[in-house]
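One structure is given here, and the rest of the page talks about it.
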Protein chains: 4
Amino acid sequence: MSINSYGHLFRVTTWGESHGPALGATVDGCPPGVPLTAPMIQHWLDKRRPGQNKMTTQRNEPDAVEILSGVYDDVTTGTPIQLMIENTDQRSKDYGDILNTFRPGHADITYHQKYGVRDPRGGGRSSARETASRVAAGGVAREAIKALAPNVQITGYMVQMGEKHIDRARFDWDAIEGNDFWCPDAGVVEEWTDYINWLRKDDHNSVGAMIEVVARNVPAGIGAPVYGKLDTDLSAAMMSINAVKGVEIGEGMAAAALTGRANADEIFMGPNGPEYSSNHAGGILGGISTGQDIVVRFAVKPTSSILSPRASIRMDGSPTEVVTKGRHDPCVGIRAVPVGEAMMASVILDHILLDRGQTGGVRGKIG
Amino acid sequence: MSINSYGHLFRVTTWGESHGPALGATVDGCPPGVPLTAPMIQHWLDKRRPGQNKMTTQRNEPDAVEILSGVYDDVTTGTPIQLMIENTDQRSKDYGDILNTFRPGHADITYHQKYGVRDPRGGGRSSARETASRVAAGGVAREAIKALAPNVQITGYMVQMGEKHIDRARFDWDAIEGNDFWCPDAGVVEEWTDYINWLRKDDHNSVGAMIEVVARNVPAGIGAPVYGKLDTDLSAAMMSINAVKGVEIGEGMAAAALTGRANADEIFMGPNGPEYSSNHAGGILGGISTGQDIVVRFAVKPTSSILSPRASIRMDGSPTEVVTKGRHDPCVGIRAVPVGEAMMASVILDHILLDRGQTGGVRGKIG
Amino acid sequence: MSINSYGHLFRVTTWGESHGPALGATVDGCPPGVPLTAPMIQHWLDKRRPGQNKMTTQRNEPDAVEILSGVYDDVTTGTPIQLMIENTDQRSKDYGDILNTFRPGHADITYHQKYGVRDPRGGGRSSARETASRVAAGGVAREAIKALAPNVQITGYMVQMGEKHIDRARFDWDAIEGNDFWCPDAGVVEEWTDYINWLRKDDHNSVGAMIEVVARNVPAGIGAPVYGKLDTDLSAAMMSINAVKGVEIGEGMAAAALTGRANADEIFMGPNGPEYSSNHAGGILGGISTGQDIVVRFAVKPTSSILSPRASIRMDGSPTEVVTKGRHDPCVGIRAVPVGEAMMASVILDHILLDRGQTGGVRGKIG
Amino acid sequence: MSINSYGHLFRVTTWGESHGPALGATVDGCPPGVPLTAPMIQHWLDKRRPGQNKMTTQRNEPDAVEILSGVYDDVTTGTPIQLMIENTDQRSKDYGDILNTFRPGHADITYHQKYGVRDPRGGGRSSARETASRVAAGGVAREAIKALAPNVQITGYMVQMGEKHIDRARFDWDAIEGNDFWCPDAGVVEEWTDYINWLRKDDHNSVGAMIEVVARNVPAGIGAPVYGKLDTDLSAAMMSINAVKGVEIGEGMAAAALTGRANADEIFMGPNGPEYSSNHAGGILGGISTGQDIVVRFAVKPTSSILSPRASIRMDGSPTEVVTKGRHDPCVGIRAVPVGEAMMASVILDHILLDRGQTGGVRGKIG
């Protein structure tokens, strides 16, 4: 039991602090024989990287990943893969004044209470920088999925920023890569851009976001009832991301308002197997994939690191006001998109392996 | 790694099918020296028990729990506690016609696809009856919490049924035990009763629900970043319950719409330690408890077992219509209340033990 | 992490005390589709059962196993299998006088020290009776192996009792089932019988034993370096059996005395793949099976429950003498034979499943 | 479940290949507040380091450890500690000819069979070089033990090399650090030195060894029955070390030859608690520490990498002879001494933490 690990057979342990020498992921359980190089992983880290656009923090680091083990001649060997990202831009003096102060809405106070000691530089281990490790590990998962279930496609995108929602009628998969928000509705981009610029420069504020991640072409039959259900593991995976406060599968919280007649996805026999009239279930029944799209949504709270003063206390209990001057994203949800994709990829791969171990991939015949 | 288990140090494995000889929970890791008897656990099972009121299924079983191990002279010994509930009312003929049919919205089809074989009687392992095991295990957790952190109070209740919401202004802790919905707003009970009766008798339909579970007086400092965060584990715990499709901590999905200024819970020094101006965080920062109320909500979808016909297929792929005539709750969310409480209790105890192991309960001084 | 569990994918949790209502095993991870009935498991329990012959304790219980879950129509469903054995002969008054006394060489004192409370009846959880649960679970493992790797044969036998050794030149597989010692050398049976009768009746003493367990026809390639090596897991499995104090693979402790030239098993190409000139390695290289016989030996210490008085103390610290009058085997090693087989079966199955999950059963080509 | 990990609460994952860029250990679960610096760990690596004396391989690397995370201001923070050792002396051309050849007694053939692909340079992951990671992690464990149970002393030493044994009558703790064999009997050092020199230079051979590791002053009450017994975990820990083929606790395999009267350690009340007349049990009863010395022995087989030719096959199945010309120890058992100590330290710390979590350190009163 390692508390800094996730996964059953594809097991990832992330390590590292925001301003320590390096951070990374120890990836155990990747199948052997998967083609893997550092640039394949770098691709996904670049997607997450801060300083990519004006929407995200100005911290400018290459976030260059190195593979230290587990790969020989550009192929995985089945042994642990160590991924390391050196921290090159560690301007820790920015954070000098928060050593003795607890930022409201941050983990400063609880880490102090729990451990009695903490690395205060940039939030230490509680920094969103930890998610770079996940994105790197997710890159490994993607390559392994490519080898085992090549049709699977995993895509994340923003569907809401603050009170602004996308128009589902304008949903366009191809729009996602074309804007700084990973937004599938090109029609909102200009308004969102203006809003976020105003937030940062004028309002000295930040805002929350809603991310949706979809896995298409996942074979039916993966997922492990009762406590390793696909939705259980996806929920844990997303909720473990910094600042996430809610997770939904398919209808999600809205399922509470539905009736049984409305919610049941009716089943028909298609040419290649069962088909469904709808996907309220989000591609999962009883914790097991149906073959439909797997649909997960999660809410990212607004960062508490803002230029507006908030009341707080110091370690000695004295009152103070906190204004965070460091480099911070007005909407951390943007960078959560590739993180959510990485977690989805890790969970999907994990369950492909687990199902292979548990059932040998037997499938009950239909038709 | 057991897929039918949850918890780190307080580890519960549930077992059993809806219509097999028995079901139960193997509870490993309960601390020694905790007073425990079968009636203490029975109390919580009775709360969940079907046939308790008109709102829930007419299946009438005593659900009597037996303690087969781990307790001597009414005190836990630190060895595994086996809890068994015999199935006495197994009218499996009710289910004869669904042997070859997949009920829409049920796990029938995915269990068949994954395992190639399944126990079709009453949904087998995928039946909500599995949650009786959790409630029994949660009863053990409650007694252990009582011994280790006696002020902790764990309470669940319904806040929404279908499109009907409670009025938070009328919230009353004392109302919860006084109605069949575990509803904290006595003002809605009559309307909800009429609605659910109409649903079942006239509309042949079912409806979803939203449950909230609160843990009060949990000490600050429990929770294990990064992948054993308190919110991560609570999310997995709730999402593993049958029919749950979404989980929220504190603000939950609504956090996406907030700004940083609005969302930050400001900190003040109180007479007994830090206090907060609000609880958007739901009592958890960075995965660690703040000492505030821990607030979790989850959505339960409407059961698909309804008297209204839905299109489906048989095992041979031929089309059919499914009408479920068995004994089923029009709102399974009602019985999810004690289940949610049980999962909360298990997670809280688990993290009290884990924190004790990892940090020895050191706490950083404030003030 | 459950401390009363073993296995990675085939995960067994044993529960129950010597004189509680029942004991058993919760078996999670058995593949679906395996034919399984109670009599199949009973066969192995009968082999272990006390009261079978004069060599073992006179406690006379049927040890009848019931399958409470995980099996439908005599086939496993992939859900947890609960195996229960009721304790029917619980003469706990035999043990009344040891409530306050610590038997030398027993876990009485350490359980008391660790937990502060213990079930003293028959040794409670530390009784060798716990191994009945393992034998039951091992019966499940054997049936699953039969389905997945039908040529595998697992056989245990005694090679030493006290200072008496078998003559390896007379080794005969067929002799094993023909005597009360599971001894492959029929030539020693008479002498061993006389010795053990004298030990019990005249010498009021007990004696240790050495058990060897061999798995034949295990396919090459199972075993998971570095910390799930086949020899590592077998070592843990055997050392967890009551009274075991040493475990050897292949040459075992004797490897310390060998030179590299003598110890290396030379490799030749046979008609069906690699063959070896010898099997010093015990069928395992680098933790992975070679396809040769897997050979494990373990030493069982003599039971401390003897009629001869030994010095000890009471709970209050006062000195006393302990004479154990209960029903105890003069050589517990005899009943350890089926237990060792059960552990071997569980480990082999576990690694067949694990290898399937991790590598998909790919095998590097030779020749 | 990570197969490259060990430990329950103190969880170590080792990673890295013999001739890759680096190797190391990801240490999760070290308590916060423990003073820790790289030189503290380096001390133990230097003890293991090759090239230290003529007895061990001439590969000359500094084996300098870096701490990449988990430590702030020279104190552990409770977050994962990443330890990295760069490989600086990677003369992989030495191994060019073994790419297609399987060395007898090595894991070359089984890694190839299992994974279909392997890093052949220096044995890749199956090299004894992996144990450097364990020694580094063990250094962390030692510092944490120093903080939690300062009287504990962990010491390993050689008691046998080939057929040469120490004379227990001359056992001297102080002699251990004074010779190249970590031998407690100074009287055998000259003879052993001559023997090993002859083995390497003249006989082109290697030899096995027996190592004993003792932990003194371990408090009574740690160890977790039934499958996390102290002896179970120690057995797994030692058996996972390269080339180990047997493990003993206390009397070990010799227990098979003893009678119950001889083997029972009688109990007396001493001034500070229970005392024992002897220590046949090796300080462990029922898997729980008694407070006596914990005594473990393990046998290390002779390395198969020798200058004498042995028959083998190539990947294409053709016969060949293998002579290993690389830099190899004639007795790998020597370097196994600090490795055994490291594993003992890791297990002891792990169980101190686990006991704290499970029982809160309650202890039953005696006297």
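Give the stretch C:224-248 a look and list any residue that's under 20 Å from C:Gly286 (Cβ atoms), at the interface with another protein chain (Cβ under 7 Å from one of its Cβ atoms), among the small types (Gly, Ala, Ser) and not in a strand (DSSP E or B), or say none. Within the stretch C:224-248, C:Ser235, C:Ala236 meet the criteria. Applying the criterion of being in a helix (DSSP H, G or I) and open to solvent by 10 Å² or more (accessible area, probe 1.4 Å) to the residues of the stretch A:132-154, the residue that is nearest to the other protein chains (Cβ to nearest Cβ) is A:Leu148. Exactly one residue among A:Gly221, A:Gly282 is over 23 Å from the mean Cα position of the chain (by Cα), touching a residue at least 24 places away in the same chain (Cβ under 8 Å) and either farther than 19 Å from A:Gln160 by Cβ or not in a helix (DSSP H, G or I) (or both), and that residue is A:Gly221. For the stretch D:285-295, taking the residues that are assigned to a loop (DSSP other than H, G, I, E, B) and touching a Lys or Arg at 6+ places or on another chain (Cβ under 6 Å), the one that is least open to solvent (accessible area, probe 1.4 Å) is identified as D:Gly287. Of the residues making up the stretch D:262-273, those that are more than 25 Å from C:Glu163 (Cα to Cα), facing chain C (nearest Cβ under 7 Å) and either open to solvent by less than 30 Å² (accessible area, probe 1.4 Å) or without any contact (Cβ under 8 Å) to a residue 60 or more places away in the chain (or both) are D:Ile267, D:Phe268.
Can D:Trp192 be described as surrounded by fewer than 20 Cβ atoms within 10 Å (Cβ to Cβ) and without any contact (Cβ under 8 Å) to a residue 40 or more places away in the chain?
no
D:Glu191 passes every criterion in (1) closer than 19 Å to D:Glu341 by Cα; (2) assigned to a helix (DSSP H, G or I); (3) not basic (Lys, Arg) apart from (1).
B:Glu321 fulfils the conditions (1) within 10 Å of chain A (Cβ to nearest Cβ); (2) of a type in the set (D, E, K, R); (3) assigned to a loop (DSSP other than H, G, I, E, B) except for a single criterion, (3).
Is the stretch A:251-260 home to any residue that is more than 7 Å from chain B (Cβ to nearest Cβ) and open to solvent by 30 Å² or more (accessible area, probe 1.4 Å)? Yes, the stretch A:251-260 contains at least one residue that is more than 7 Å from chain B (Cβ to nearest Cβ) and open to solvent by 30 Å² or more (accessible area, probe 1.4 Å). Against the test of being of a type in the set (D, E, K, R), under 21 Å from D:Met344 (Cβ atoms), out of contact with any strand residue (DSSP E or B) (no Cβ under 6 Å at 6 or more places or on another chain) and open to solvent by 10 Å² or more (accessible area, probe 1.4 Å), the options D:Glu177, D:Glu163 yield a single qualifying residue, D:Glu177.
Listed here are the residues, each with its yes/no results for (1) of a type in the set (A, V, I, L, M, F, W, C); (2) modelled with pLDDT under 95.
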residue	(1), (2)
B:His204	no, yes
B:Pro219	no, no
B:Gly228	no, no
B:Ala237	yes, no
B:Asn242	no, no
B:Gly252	no, no
B:Ala255	yes, no
B:Ala264	yes, yes
B:Asn272	no, yes
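A:Met269 satisfies every condition listed in (1) at positive phi; (2) touching a Pro at 6+ places or on another chain (Cβ under 7 Å) except (1).
Restricting attention to the stretch C:136-160, the residues being over 16 Å from C:Leu9 (Cα atoms), touching a residue at least 12 places away in the same chain (Cβ under 8 Å) and out of contact with any strand residue (DSSP E or B) (no Cβ under 9 Å at 6 or more places or on another chain) number 1.
Filtered by the rule that a residue be open to solvent by 30 Å² or more (accessible area, probe 1.4 Å) and among the charged types (D, E, K, R), the stretch B:352-367 gives B:Arg356, B:Arg363, B:Lys365.
Quick one: is C:Gly208 in contact with a Lys or Arg (Cβ under 7 Å, 6 or more places away or on another chain) and within 7 Å of chain D (Cβ to nearest Cβ)? Yes, satisfied.
Taking the stretch B:160-186 as the region of interest, how many residues are in a loop (DSSP other than H, G, I, E, B) and closer than 22 Å to A:Met253 by Cβ? Can you show your working first?
If we filter the stretch B:160-186 for residues that are in a loop (DSSP other than H, G, I, E, B), which is where we start, we get B:162-163, B:166-167, B:171-172, B:179-185.
If we keep only those that are closer than 22 Å to A:Met253 by Cβ too, we end up with B:162-163, B:166-167, B:171, B:181-185.
Matching residues across the stretch B:160-186 total 10.
Close contacts from the stretch B:80-104, counting a first residue that is over 25 Å from B:Gly24 (Cβ atoms) and open to solvent by less than 50 Å² (accessible area, probe 1.4 Å) and a second that is modelled with pLDDT of 65 or more and part of a helix (DSSP H, G or I), with Cβ to Cβ under 6 Å and a gap of 6+ residues or different chains, come to B:Phe102/B:Asp108; B:Phe102/B:Ile109.
Once the stretch B:308-320 is narrowed to residues that are farther than 14 Å from B:Gly105 by Cβ and not hydroxyl-bearing (Ser, Thr, Tyr), the residue that is least open to solvent (accessible area, probe 1.4 Å) is B:Gly317.
B:Tyr157 meets each of the listed conditions (1) part of a loop (DSSP other than H, G, I, E, B); (2) closer than 21 Å to B:Ile294 by Cα; (3) not aliphatic (A, V, I, L, M) apart from (1).
Scanning the stretch A:211-223 for residues that are buried (at least 24 other Cβ atoms within 10 Å of the Cβ) and either within 7 Å of another protein chain (Cβ to nearest Cβ) or of a type in the set (D, E, K, R) (or both) yields a single hit, A:Gly221. Take A:Gly360 and tell me if it is on the phi > 0 side of the Ramachandran plot and at the interface with chain B (Cβ under 7 Å from one of its Cβ atoms). When the stated conditions are applied, A:Gly360 does not pass them.
The values are calculated or read from the model by the stated rules, or taken from the named source; none is laboratory data. In this text, all values refer to a predicted model and were calculated from it rather than measured experimentally. Methodologically, a virtual Cβ is constructed for each residue, glycine included, from the backbone with ideal geometry; neighbour enumeration extends over all protein chains shown. The accessibility values were calculated without ligands, DNA or RNA, using every heavy atom of the protein model including side chains. Shrake-Rupley method; radii C 1.70, N 1.55, O 1.52, S 1.80 Å.
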